[in-house]
């Protein structure tokens, strides 16, 4: 089983928070407010209400062999991994807004699994 964690470098979202800034109403906790301030300083050209930043993995946009935990920040591969048909993928909750210019994120490989095959890719959404 392979696992990876993702951290956009500015902090981590609360469980269930995929809005990238509290859009949709409700009060933000002090931690969420601090994260929003950090992201605004890092990406001043991004209106997070119009184009939210990716802050976790999407539970709706993943392959069946992928499991998510820790507020959708940790990815677990649950497949057999014996051939190319066992490949799996997961996407972030939101694409990186073009207004970011440069977007910082980290991925930590916790375990390479049995065979140690892992890849990452950036896609351009139309």
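All of the numbers you see were taken from the coordinates with simple rules; none came from a lab. Everything quoted here is computed from the prediction, not taken from an experiment.
Side notes on the structure shown:
- Potential lengthening of the chain between residue 108 and residue 87 amounts to 5.6 nm, from the contour at 0.36 nm per residue minus the alpha-carbon distance.
- Stretched out straight at 0.36 nm per residue, the stretch from residue 49 to residue 78 would grow longer than its current Cα-Cα span by 7.0 nm.
- Difference of contour (0.36 nm per residue) and Cα-Cα distance, residue 99 to residue 60: 11.6 nm
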